[in-house]
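Engineer: Structure incoming, see below.
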Amino acid sequence: DQQVKQNSPSLSVQEGRISILNCDYTNSMFDYFLWYKKYPAEGPTFLISISSIKDKNEDGRFTVFLNKSAKHLSLHIVPSQPGDSAVYFCAASGRSGGYQKVTFGTGTKLQVIP
Amino acid sequence: DGGITQSPKYLFRKEGQNVTLSCEQNLNHDAMYWYRQDPGQGLRLIYYSQIVNDFQKGDIAEGYSVSREKKESFPLTVTSAQKNPTAFYLCASSIRGDTEAFFGQGTRLTVV
């Protein structure tokens, strides 16, 4: 049962344009959402997060939008740069059995074409 | 420099042998995690610990064991009971369970 889904395994975008990565979740108990960026053979690095009490959080070129009613979040990167090429993971955090648990999506591989 | 260290980066083992992956952090984080990454599967949670001497099974704990005797250390043992142990293993830590996690560089385990 995949509680966090990233339905697009890959995405190609021209340099300078907007990249939009999508994520859907099924568990309404999730109250904190995160995006991570990962290069091959390395650990993921934290990018941006959003609490369930907000619907938008912005950090430089990165903006995360949360639509709780649709159980959907998206990461916008604008303008996209070649160095943004990586795998992006969506993650959701919520209480489970008295503990805070983080569940990751399957990732979207972004390629920014110069 | 504060950070989280996994060792070794590459590990080869014969089938049927137990192997222990090391994870150390000096970030003073309470929470630590082990994930496994397989192609097309994202990061799947093996075990997590939110405080010393306490840990919980994640989604794919069968065939794995952990200990959390010290705040800084969260070693993962891949036992012979794990049917498909070859994978990329990632350790992470966070201040609490609901804050961003810092990941190590990963250990690629190959069982032959």
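The values are calculated or read from the model by the stated rules, or taken from the named source; none is laboratory data. Keep in mind that this is a model prediction, so the values were computed, not measured. Note that each Cβ is placed from the backbone with ideal geometry, even for glycine, and that neighbours are counted across all protein chains shown. When the accessible area is computed, the model is the full protein with side chains, heavy atoms only, and any ligands, DNA or RNA have been set aside. Shrake-Rupley method; radii C 1.70, N 1.55, O 1.52, S 1.80 Å.
Engineer: In chain A, which longest range has no trypsin sites (Lys or Arg not before Pro) that are both DSSP loop (not H, G, I, E or B) and surrounded by at most 13 other Cβ atoms within 10 Å? Show your work: numbers first, answer last.
Structural biologist: Details: sites that count: A:17, A:54.
The reported range is A:55-114.
Engineer: Next question. Over its Cα atoms, what ratio of radius of gyration to 2.2 N^0.38 Å does chain A give? If you can, show how the numbers build up before the last one.
Structural biologist: Working: Rg = 13.7 Å, N = 114, 2.2 N^0.38 = 13.3 Å.
Its radius of gyration relative to the 2.2 N^0.38 Å reference: 1.03.
Engineer: So, with +1 on the Cβ of K and R and -1 on the Cβ of D and E, and no other charges, what is the size of the charge dipole of chain B about its Cα centre, to the nearest 20 debye?
Structural biologist: Around 380 debye, computed over chain B.
Engineer: Let me ask something else about it. Leaving ligands, DNA and RNA out of it, report the carbon-plus-sulfur percent of the accessible area of the range B:11-112 at a 1.4 Å probe.
Structural biologist: Details: 2260 of 4790 Å².
It is 47 percent, rounded to a whole number.
Engineer: Using a Gaussian network model of chain A with C-alpha springs under 10 Å, which one of A:16, A:97, A:43 is most mobile by mean-square fluctuation?
Structural biologist: A:97
Engineer: Given Cα positions, please report Rg to Rh for the protein assembly as shown, the hydrodynamic radius being the Kirkwood one.
Structural biologist: Rounded to two decimals, Rg/Rh equals 0.97.
Engineer: To the nearest 20 debye, what charge dipole does the range A:1-65 have about its Cα centre, counting +1 at the Cβ of each Lys and Arg and -1 at the Cβ of each Asp and Glu? Don't skip to the end; give the middle numbers.
Structural biologist: Working: 7 positive and 8 negative charges, 30 e Å.
Dipole about the Cα centre, nearest 20: 140 debye.
Engineer: Measuring from a point 7 Å past the Cα of residue B:12 along Cα-to-C-beta, which residues in the range B:52-92 have an amide N at less than 16 Å?
Structural biologist: The answer is B:86-87.
Engineer: FRET efficiency for residue B:79 and residue B:41, Cβ-Cβ distance as r, R0 = 22 Å, nearest 0.05? Please report the intermediate quantities before stating the final value.
Structural biologist: Values: r = 20 Å, r/R0 = 0.93.
The computed FRET efficiency comes out at 0.60.
Engineer: Cross-link list A:54/B:70; A:54/A:109; A:56/B:71: which exceed 28 angstrom alpha carbon to alpha carbon?
Structural biologist: Values: A:54/B:70 36 Å; A:54/A:109 26 Å; A:56/B:71 34 Å.
Correct reply: A:54/B:70; A:56/B:71.
Engineer: Further question: Give me the base-10 log of I(q)/I(0) for chain B at each q in 0.15, 0.24 Å⁻¹, Debye formula, one uniform scatterer per Cα, rounded to two decimals.
Structural biologist: Taken in order of the listed q values, log10 I(q)/I(0) reads -0.57, -1.44.
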